[in-house]
Amino acid sequence: MPRFSRRAAFAAAAVHFAIPPASAQQPATSAAVVEGFHAALLDTMRNARALGPRGRERRLRPAMQAAFDLPAMTRIAVGPPWTGLPEGERQALVSAFSDWVVATYANRFDGYAGESFTTEGESALKTGDRMVRTQLVRPNDTPVQLNYLLRGGESRWRVVDIYLSGTISELASRRAEFTALLRDGGAERLVAELRRRTGTLLGG
């Protein structure tokens, strides 16, 4: 994940929605999903110091599991080698990658200094996915452009990638590194490295 200062930390994490009865429940638009991420992230940031790294991890985990398609993100980050992996190794990678992503957010969102988020718009792509364009607004600093790629359809939009500065795929930027680790020691090597990083981020 990208290295931002506390003020520049990019957004993600879902808000805890109250679930209405099935007959009244309305599917969230892709923009609403992203705005929910931002709301939950800001809440965590405001309470970050009291929660500590592991408290932030516990708070963000269910929200991120609901808002992000973490298995799809794992596949995208691993790239072509994914198709040659047995199911057990795929599951281990999804678990380790998911833990690392949540720990990364918990580590970096360590305070609040007046940040806010704005949604600039959303657009449908030819693939059927949607792109939601947002900005992280920072007091006394330039905004950070963050675009979210969502997939899944009207019934359940979920984030599958984040584009920094509007164009840089977060997952594509990890692919070369992950491919090298897989080449050096297979899925076991990549899983071990992700676990090591997760422990470091959470302080143990």
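In table form, for the structure just shown:
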| read-out | value |
| --- | --- |
| Single residue of Thr74, Thr83, Thr104 found to be β-branched (Val, Ile, Thr) and surrounded by fewer than 17 Cβ atoms within 10 Å (Cβ to Cβ) | Thr83 |
| Residues that are closer than 21 Å to Ala67 by Cβ, exposed (fewer than 13 other Cβ atoms within 10 Å of the Cβ) and either of a type in the set (D, E, K, R) or within 14 Å of the chain's Cα centre (by Cα) (or both), drawn from the range 129-180 | Glu154 |
| Residue under evaluation Asp99, criteria (1) farther than 24 Å from Arg58 by Cα; (2) surrounded by 15 or more Cβ atoms within 10 Å (Cβ to Cβ); (3) among the acidic types (Asp, Glu), criterion not met | (1) |
| Residue match in the range 78-89 (condition: within 19 Å of the chain's Cα centre (by Cα), closer than 22 Å to Glu193 by Cβ and either of a type outside the set (Lys, Arg) or modelled with pLDDT of 95 or more (or both)) | yes |
| Qualifying position, being touching a residue at least 24 places away in the same chain (Cβ under 8 Å) and touching a Phe, Trp or Tyr at 6+ places or on another chain (Cβ under 7 Å), among Val34, Val102, Val94 | Val34 |
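The values are calculated or read from the model by the stated rules, or taken from the named source; none is laboratory data. Everything quoted here is computed from the prediction, not taken from an experiment. Note that we place each Cβ from the backbone using ideal geometry, even for glycine, and neighbour counts take in every protein chain shown.
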